[in-house]
Structures are given as C-alpha cells and as structure tokens.
Amino acid sequence: RTFILGPLLVLQRLFESSGIDGVLNRIVAQHPKLEFDLRKLVFTMVAARFVKPGSKLKIFEHWQKHFFPEMLTDKIKLHQLYRTLDLLHQHKDEIERSLFLQGRELFNLPVDVVLYDLTTLRFESVREDLGDLRKFGYSKERRSDCTQVVLGLLVDREGIPLGFEVYPGNTFEGHTVADIVTKMRQKF
C-alpha cells in the first residue's frame, strides 16, 4: 500500500517556517481541555486542499486513508474537523496578526501597498434563513439562482495574504472597503 508523502513534507516545512505551528500551539495552550490534535487536523485540511480541494466530508471519507499516517492524527472524526474550523474562526484575528508579524520579521517586508479584491462564493441553495451571511446578490459567476457570500481578501505587494473578511451575499462591494481598512488598522 502506498501513501502520499511528498506534499506533506513540503507543507510541514511551510508550517514551521511561516510560523503557523507556533500560532496553533498558542491556541492549543488557551484550550487545555481540547481533546484532539488541533495542529494535525489543520495540517490535514490544508494538505487535502493542497493536493485536491474538496469538502471536509471528503477528507474524512477519503484523504485520511491516503496520506502518510504518521503525519496525521489517528482516525479523524468528522465532528473534529468542524470543531477545528470553529476554533480557527474564534481565533481568526489572533492568527492573522501573528502571521503578519512573523512574515514581517522573517522576510523584512514593508507594508506600504496592499491590494484588496472581492469575490462571491455561492451555495447550491436558495435558503437565506440559515444564518446572516447567505443572501441573494450580484453574482460574479452569473448565478442569481443561488445564495452567496462576499469574500474580501487583502494581500501585500508580494501576494501574501494579510487578512480576509466575509460579508453577506447582498453587500455592495464599495461598502466593504471602509470596513476592511478599519479592521486592518485595528488589527495591525
């Protein structure tokens, strides 16, 4: 039986050099009763996204069987993947701030120019009652039949992400600029 190993070794090195490991270790320290390996679960989700993007269910059913087992946590449970996402969301600002500072120290890059772009991400759904973000709006994919969210990404001149924000699907693009500038100033 063969396993995927090469991409995992590359990602492991990126996790170490970019400071992601340190950030995840600090998050784990804030949750002493955590009953799963946050770092390995994040690593598994990133690896699956890196190799072939798919859903969390696909990771649970497929990818954990194909990745080199010693680099993953033992027998991932589906609810652990979703709980991992909840923790990452809870610490989003802390993660962005830490990685920003790590990147400035590591690469000594000035942040004098930032680039901001928006896109829409659609759901194969027409239900707007499943939260505050799923709304009908202008779709860049020309899919007015689906609900969507608006995703704003801020990157530096090298294309390194500095942060992101998710807005309701019916948000006018121009209204997001002031919000993202305010949030980034507060954060950095």
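What pairs come up if the first residue lies in the range 48-69 and is over 12 Å from residue 3 (Cα atoms), the second is open to solvent by 60 Å² or more (accessible area, probe 1.4 Å) and of a type in the set (Ser, Thr, Tyr), and their beta carbons are under 7 Å apart, counting only those six or more places apart or on different chains?
These pairs meet every condition: 56/82.
Could you tell me which residue of the range 110-166 is surrounded by the fewest Cβ atoms within 10 Å (Cβ to Cβ), considering only residues that are farther than 28 Å from residue 91 by Cβ and hydrophobic (A, V, I, L, M, F, W, C)?
It comes out as 126.
Please state which one of 36, 43 is surrounded by 14 or more Cβ atoms within 10 Å (Cβ to Cβ), touching a helix residue (DSSP H, G or I) at 6+ places or on another chain (Cβ under 8 Å), assigned to a helix (DSSP H, G or I) and not hydroxyl-bearing (Ser, Thr, Tyr).
Values: 36 fails: assigned to a helix (DSSP H, G or I).
Answer to the selection: 43.
Look at residue 14 and say whether it is closer than 26 Å to residue 97 by Cβ, open to solvent by 60 Å² or more (accessible area, probe 1.4 Å) and under 17 Å from the mean Cα position of the chain (by Cα).
yes
Does residue 49 satisfy the criteria of being assigned to a helix (DSSP H, G or I) and open to solvent by 30 Å² or more (accessible area, probe 1.4 Å)?
yes
The values are calculated or read from the model by the stated rules, or taken from the named source; none is laboratory data. Because the structure is predicted, anything quoted here is derived from the model rather than measured. Neighbour counts run over all protein chains shown; Cβ positions are idealised from the backbone, glycine included. With ligands, DNA and RNA removed, areas are computed over all heavy atoms of the protein, side chains included. Shrake-Rupley method; radii C 1.70, N 1.55, O 1.52, S 1.80 Å.
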